[in-house]
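The values are calculated or read from the model by the stated rules, or taken from the named source; none is laboratory data. Model, not experiment: these values are computed from the prediction. Positions of Cβ are backbone-derived with ideal geometry, glycine not excepted, and every protein chain shown enters the neighbour counts.
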Amino acid sequence: MKLVEGHRLWATADLPAEATVRRIIADLDRRVRDLLVELVPDLELPPSVPDRA
């Protein structure tokens, strides 16, 4: 089992699949953007990070 060093040490078998991580990021991005548009309707947001990937 290979270890990846970062904030903590993780066994690579315990890391979520890349597709799962991308879905989580896209979901968070959408929720934050929706909230920002609701709070500041005239705010112009840059392109979404998941859309650029």
key: Selection from region 31-42 of residues that are surrounded by 10 or more Cβ atoms within 10 Å (Cβ to Cβ) and either of a type in the set (Val, Ile, Thr) or assigned to a loop (DSSP other than H, G, I, E, B) (or both)   = Val32, Val37, Val40
query = Which numbered condition trips up Arg8, out of (1) at pLDDT 80 or above; (2) exposed (fewer than 10 other Cβ atoms within 10 Å of the Cβ); (3) not small (Gly, Ala, Ser)?
reply = (1)
